[in-house]
Every structure is written in C-alpha cells, then in structure tokens.
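Q: Before we start, here is the structure in question, set down as structure tokens.
The values are calculated or read from the model by the stated rules, or taken from the named source; none is laboratory data. As the structure is a computational prediction, the values presented were derived from the model and not from experiment. Positions of Cβ are generated from backbone atoms using ideal geometry, with glycine treated the same way; all protein chains shown enter the neighbour counts.
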C-alpha cells in the first residue's frame with residue numbers, strides 16, 4: 001500500500017504508520033478475516049465457546065440491508081399516510097441506537113415539504129421534556145416509542161408523560177403512537193394493549209447500535225419524507241464493496257477497521273471524526289458505535305466528534321483523523337486543514353461520499369470497520385457489560401425515593417483542581433452534563449472543551465446526560481482508565497410528574513447522574529461532581545470562569 005494511497009472510496013496519508021498498516025492488510029487477507037466475518041465466525045472476537053453465544057446472536061446486521069429492500073415500498077406508503085393526515089411533528093422517544101440514526105436523517109436531510117418535523121427526546125431532563133412539549137401541537141404529533149429491549153427507562157418515562165397528555169386531546173390516543181421493538185418485549189405487549197397505530201417488529205439478531213439500517217432508522221426517515229430507497233441502494237453498494245470479493249487494499253471498511261485498531265495500539269486512540277457542515281450528526285452516531293463496541297477490557301478507541309480543527313501543534317501524538325468528504329457538500333477549508341495535519345505527521349484517512357444519500361453506505365462502512373477493529377483487538381464487539389452498572393445504581397437510588405427517603409447529595413469527593421492534577425499525557429477530559437441540550441448550554445460546553453485543548457493539548461469530549469449513558473458510557477467505565485470525568489448537574493426549578501411513578505423527571509435525571517457517578521467511582525475513575533444552582537447565562541458563565549481559572553492555575557500559558 002503506497003503512502004498517500006488514493007482510490008474512489010478513500011484517500012490515506014499514514015505518516016510513520018504506513019508500513020505497519022500495510023502489513024496488517026496483508027495479514028488480514030491471509031487469515032481470511034473478511035470471509036470469516038461474512039461467514040459469521042464468532043471466533044473472530046472470542047475463542048472461548050462460553051463467550052460466543054451473544055456474538056452469534058448479534059450478526060444479523062450483515063444481511064439486514066438486503067432484508068429491508070422488500071420493505072421499502074411499504075415504509076414509503078406509511079410515510080405518505082402520516083403526511084396525508086396532516087401531522088406536523090414526529091417525536092421519537094428512544095435512546096442510543098434507537099434514536100441516533102433517526103437524528104442523523106432529520107439533521108442531514110430535514111423534513112421534506114409537507115412532511116412532519118422529527119424531534120428526538122432522549123433525555124429525562126425536565127427542562128428538555130418541557131421544551132419538546134412546548135414545540136409541538138399535541139393533536140398533530142405522532143410519537144414513536146423506540147426501544148430494542150422494550151424496557152428502557154428513559155423512553156418509557158417519556159411515554160407515560162405524553163400518553164396522558166394526548167389523552168386530553170384525542171380519545172383514540174393510541175392512534176398517535178408507533179412502536180419499534182423486538183417481538184415479545186414489554187413494549188410490544190404495551191403497544192398492543194394500548195392499541196398503537198403501528199408496531200414494527202425488529203430483527204432480534206441485530207444489536208441496537210448496528211440497527212440504523214433496520215426499522216429503527218428507516219421508519220423515522222420515511223416519516224419525514226426521506227427517500228429510503230436511495231439510502232438502501234447506497235448501503236447495498238457498500239455491502240458489495242465490503243465483501244471478500246473486494247481486493248483488501250481497496251476495501252475501505254477493512255482499511256478503516258485496521259487503522260482504528262493498529263493506531264489505537266500505537267497510542268493514537270483518539271479517533272477524531274471530521275465532517276463537513278451539514279453532516280455533523282453522523283459523528284454522534286459513529287461515536288456510539290465505536291465507543292460502545294470497543295470500550296471494554298480496559299481497552300478502547302475514543303471517538304472525538306464535533307471538534308473544530310486546529311493547528312497541528314495543539315494536538316498530541318494520540319490523534320487519528322478520519323474525515324468524511326462529500327461531493328454534494330464541498331468543504332475546501334476542511335480539506336486544507338487535513339493536508340496541514342497530514343504534513344505534520346498525523347495519520348489522516350478521508351472517506352469519500354458522492355451525496356447525502358451515500359449515508360446509507362457510510363453507516364454500513366463504519367459497522368464493518370468497527371467489527372474488524374474489535375476482531376483485531378480481540379474484544380467482543382456486540383456486548384456492553386459496564387452499561388448495566390450505572391443502571392443498577394440508578395435503580396437503587398430510585399427505590400429509596402419510592403420508599404420515601406428522598407434524594408440527597410453527599411459532599412463531592414473530588415474537586416475540579418484535584419482531578420485536573422490527574423491529567424497525564426494521552427489522557428482526555430470528559431464533560432458529562434445532565435443539562436438540557438439548549439443552545440446556551442451546548443455553546444458553554446463546546447467552549448470549555450476548546451479551552452482544554454488550548455491549555456493542555458489534550459482533547460475533551462462532551463456528553464449530555466442521560467443520552468451519553470447509551471453512547472460513551474460503556475467506554476467511560478470499561479475502556480482505558482485515561483480520562484478525568486467532570487459530571488455537571490443543576491438545580492431545576494421544575495420537576496414534571498411521571499404518571500404512575502413515585503419519582504418525577506427531576507429526581508429521575510439526578511438519580512441517573514448520581515448512579516453514573518457511583519459507577520465511575522467504583523471503577524476507580526478520576527471524577528468530580530459540580531452541581532450548578534441553575535442554567536441561566538449568568539450561572540453558565542460563572543461555571544466557565546471557574547473552569548478556565550483551574551486550567552490557568554495548572555497551565556500558566558495556553559499550549560499554543
């Protein structure tokens with residue numbers, strides 16, 4: 001593989017890593033890695049038979065696109081049906097793999113003329129729930145309750161809230177609800193008993209984060225008027241190009257997967273996903289796929305998304321840049337910045353797309369690449385063992401509330417100053433904010449992550465809770481112990497009752513935050529908890545000043 005390799009699917013500049021990546025391409029070809037992947041060989045990831053059951057039952061995504069072809073016409077007709085009835089909004093109640101792909105479709109394509117707009121509610125934050133409610137006309141909104149397991153606490157709480165609200169405006173309440181779930185789940189039974197308008201049964205052998213090209217992604221897409229026939233068509237093309245029929249040096253999914261694993265092993269485990277304007281939300285989807293798949297057994301690839309590119313000297317030697325280049329969305333500035341980074345010795349891989357419909361192919365390319373990377377790292381790509389710990393601790397806190405004990409916060413064990421003292425070379429900062437994803441909040445957090453880079457040459461990630469629990473939460477607790485975690489909560493002025501529960505949204509969100517705090521501490525992670533008095537501009541500014549002062553005290557001058 002020559003340096004600065006280019007073909008129709010990708011262009012690469014590997015720097016000092018050209019030879020080792022070339023060696024691994026040859027090795028993967030000799031060991032028939034792609035053939036074994038398509039043969040659904042579980043030993044690619046784990047040799048012990050006892051560890052293979054879950055793997056064997058999670059490889060249906062390989063053929064999921066081909067199976068969805070025959071459903072395209074039916075899906076399109078259903079989308080037109082919703083449009084013709086004059087619905088103005090679709091609110092998707094889901095988390096992680098049940099919502100991130102749908103969010104990409106809305107953010108990249110928007111809702112077509114005459115079709116409803118899609119809003120994602122993947123939060124228990126009372127302010128966020130209230131924001132969504134204020135944005136819609138309840139009588140003209142379709143609610144999609146999306147959950148593979150059917151028992152996810154966040155969408156179930158949101159369902160209870162909005163089902164009671166819709167009851168007030170529509171006696172035929174279930175007509176405004178759609179379920180997407182595996183057969184036989186609690187949600188499947190609930191949808192039948194509440195007479196939901198439609199139930200889409202999803203394949204049981206496709207895990208949540210690999211499910212975007214099934215009903216989980218395609219149903220929300222057709223509801224907003226996306227031409228899913230083109231999405232599926234492009235995905236099918238990538239299926240072919242990711243097969244064993246493709247020459248290994250031309251197989252972009254194989255190359256990406258090898259690079260992810262090999263560069264992470266070489267210390268460049270900060271996979272920085274660079275997207276042109278208009279494709280930013282693809283990074284959010286890829287973030288979950290990579291983080292939750294690779295982040296276990298004290299290993300993992302750390303995806304960095306939505307970070308503006310900077311001068312090479314602001315980056316440490318832990319970066320690997322992967323960029324999407326879309327002919328339909330040209331970005332000359334991004335191209336030039338990547339050339340500068342490559343010239344400075346950073347490995348850069350550019351993945352080429354013709355247009356936005358090529359997202360179907362891109363989804364599939366990253367799924368194959370992630371499976372390849374995990375195979376080389378000998379990690380089970382398809383489980384998430386450390387996600388459960390935070391859930392269990394949250395459940396225990398909620399039980400105490402139900403028993404009338406109330407919810408109290410102990411004094412923080414660590415301060416901002418003390419956790420920043422733990423920041424070593426190659427580490428990163430994870431800002432975990434249980435706050436509503438309002439523009440002012442996001443702007444504050446994004447500003448802070450750039451301050452970290454400016455002063456320390458380390459990267460910072462931003463996670464909005466509880467959303468991140470279903471995305472990067474596995475990596476935080478199961479991946480390498482190479483981060484400091486700053487968990488931020490706030491004192492909400494509103495609570496919002498959850499029908500049928502003894503706790504409200506305010507208490508549920510705080511219980512989730514404290515549950516994750518305990519889970520991180522149990523894994524001996526460096527974590528501190530900052531509780532804000534509110535989320536006004538004044539209070540966010542005060543937190544920003546405090547944060548930057550800590551950086552200044554430990555790093556006298558900015559890194560540049």
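Q: From the list 214, 202, 185, 181, exactly one residue is touching a residue at least 12 places away in the same chain (Cβ under 8 Å), more than 17 Å from residue 78 (Cα to Cα), surrounded by 17 or more Cβ atoms within 10 Å (Cβ to Cβ) and touching a helix residue (DSSP H, G or I) at 6+ places or on another chain (Cβ under 6 Å). Which is it?
A: When all the criteria are applied, what remains is 181.
Q: Okay, next question. For the stretch 26-54, what are the residues that are surrounded by fewer than 20 Cβ atoms within 10 Å (Cβ to Cβ) and closer than 27 Å to residue 234 by Cα?
A: Listed by number, the residues that qualify are 29, 32, 35, 36, 38, 39, 40, 41.
Q: Is it the case, given these coordinates, that residue 158 is touching a helix residue (DSSP H, G or I) at 6+ places or on another chain (Cβ under 6 Å) and either farther than 15 Å from residue 102 by Cα or free of Cβ contacts under 8 Å to residues at least 24 places away in the same chain (or both)?
A: For residue 158, the condition - touching a helix residue (DSSP H, G or I) at 6+ places or on another chain (Cβ under 6 Å) and either farther than 15 Å from residue 102 by Cα or free of Cβ contacts under 8 Å to residues at least 24 places away in the same chain (or both) - is not met.
Q: Determine, yes or no, whether residue 449 is buried (at least 19 other Cβ atoms within 10 Å of the Cβ) and under 28 Å from the mean Cα position of the chain (by Cα).
A: yes
Q: What residue, among those in the stretch 377-391 that are in contact with a helix residue (DSSP H, G or I) (Cβ under 8 Å, 6 or more places away or on another chain) and in a helix (DSSP H, G or I), is surrounded by the fewest Cβ atoms within 10 Å (Cβ to Cβ)?
A: In this case the residue turns out to be 391.
Q: Shifting gears a bit: Which numbered condition in (1) farther than 23 Å from residue 413 by Cβ; (2) in contact with a strand residue (DSSP E or B) (Cβ under 8 Å, 6 or more places away or on another chain); (3) outside any loop (DSSP other than H, G, I, E, B) is the only one that residue 545 fails?
A: Here residue 545 meets the rest and fails (2).
Q: Would you check if residue 538 is at pLDDT below 95, surrounded by fewer than 22 Cβ atoms within 10 Å (Cβ to Cβ) and part of a helix (DSSP H, G or I)?
A: Spelling it out, it is not the case that residue 538 is at pLDDT below 95, surrounded by fewer than 22 Cβ atoms within 10 Å (Cβ to Cβ) and part of a helix (DSSP H, G or I).
Q: Go through the stretch 346-364 and give me each residue that's more than 19 Å from residue 258 (Cα to Cα) and touching a strand residue (DSSP E or B) at 6+ places or on another chain (Cβ under 9 Å).
A: Residues satisfying the conditions are 353, 354, 355, 356, 358, 359.
Q: A further question on this structure: Residue 485 passes all but one of (1) touching a residue at least 60 places away in the same chain (Cβ under 8 Å); (2) in contact with a strand residue (DSSP E or B) (Cβ under 8 Å, 6 or more places away or on another chain); (3) surrounded by fewer than 22 Cβ atoms within 10 Å (Cβ to Cβ); which number fails?
A: (3)
Q: Among what's in the stretch 501-525 and is surrounded by fewer than 21 Cβ atoms within 10 Å (Cβ to Cβ) and within 25 Å of the chain's Cα centre (by Cα), pick the residue that is farthest from residue 158 (Cα to Cα).
A: 524
Q: Of all residues in the stretch 354-376, which are outside any loop (DSSP other than H, G, I, E, B) and more than 21 Å from the chain's Cα centre (by Cα)?
A: Hit for the stretch 354-376 is 376, nothing else.
Q: Which of the residues that make up the stretch 247-281 are in contact (Cβ under 8 Å) with a residue 40 or more places away in the chain, over 25 Å from residue 299 (Cα atoms) and more than 19 Å from the chain's Cα centre (by Cα)?
A: 248, 249, 250, 251
Q: Continuing with this model, one more query. When you scan the stretch 81-127, how many residues do you find that are within 28 Å of residue 475 (Cβ to Cβ) and not in a helix (DSSP H, G or I)?
A: Residues in the stretch 81-127 being within 28 Å of residue 475 (Cβ to Cβ) and not in a helix (DSSP H, G or I): 13 in total.
Q: Hey, any hits in the stretch 19-37 for a residue that's outside any helix (DSSP H, G or I), more than 30 Å from residue 138 (Cβ to Cβ), touching a residue at least 40 places away in the same chain (Cβ under 8 Å) and more than 25 Å from the chain's Cα centre (by Cα)?
A: Yes; the residues of the stretch 19-37 include at least one that is outside any helix (DSSP H, G or I), more than 30 Å from residue 138 (Cβ to Cβ), touching a residue at least 40 places away in the same chain (Cβ under 8 Å) and more than 25 Å from the chain's Cα centre (by Cα).
Q: Residues being more than 22 Å from residue 255 (Cβ to Cβ), touching a helix residue (DSSP H, G or I) at 6+ places or on another chain (Cβ under 7 Å) and crowded, with 18+ Cβ neighbours inside 10 Å: count how many of those fall in the stretch 315-363.
A: 2
Q: With 293, 308 as the choices, which residue is touching a residue at least 12 places away in the same chain (Cβ under 8 Å) and surrounded by fewer than 18 Cβ atoms within 10 Å (Cβ to Cβ)?
A: Just one listed residue meets the conditions, 308.
Q: Does the stretch 420-434 contain any residue that is farther than 25 Å from residue 319 by Cβ, within 18 Å of the chain's Cα centre (by Cα) and in the same structural domain as residue 546 (by TED's automatic domain parsing)?
A: yes
Q: For the stretch 462-482, which residues satisfy the criterion of being free of Cβ contacts under 8 Å to residues at least 40 places away in the same chain and either over 25 Å from residue 282 (Cβ atoms) or surrounded by fewer than 24 Cβ atoms within 10 Å (Cβ to Cβ) (or both)?
A: 463
Q: Is it the case, given these coordinates, that residue 219 is surrounded by 21 or more Cβ atoms within 10 Å (Cβ to Cβ) and closer than 18 Å to residue 62 by Cα?
A: no
Q: Here's a follow-up. Filter the stretch 416-453 down to residues that are in a helix (DSSP H, G or I), under 23 Å from residue 539 (Cβ atoms) and touching a helix residue (DSSP H, G or I) at 6+ places or on another chain (Cβ under 8 Å), then give me how many there are.
A: Residues meeting the conditions: 10.
Q: If I filter the stretch 479-500 down to residues being over 21 Å from the mean Cα position of the chain (by Cα) and modelled with pLDDT of 95 or more, which single residue comes out as nearest to residue 437 (Cα to Cα)?
A: Filtering first and then ranking leaves 490.
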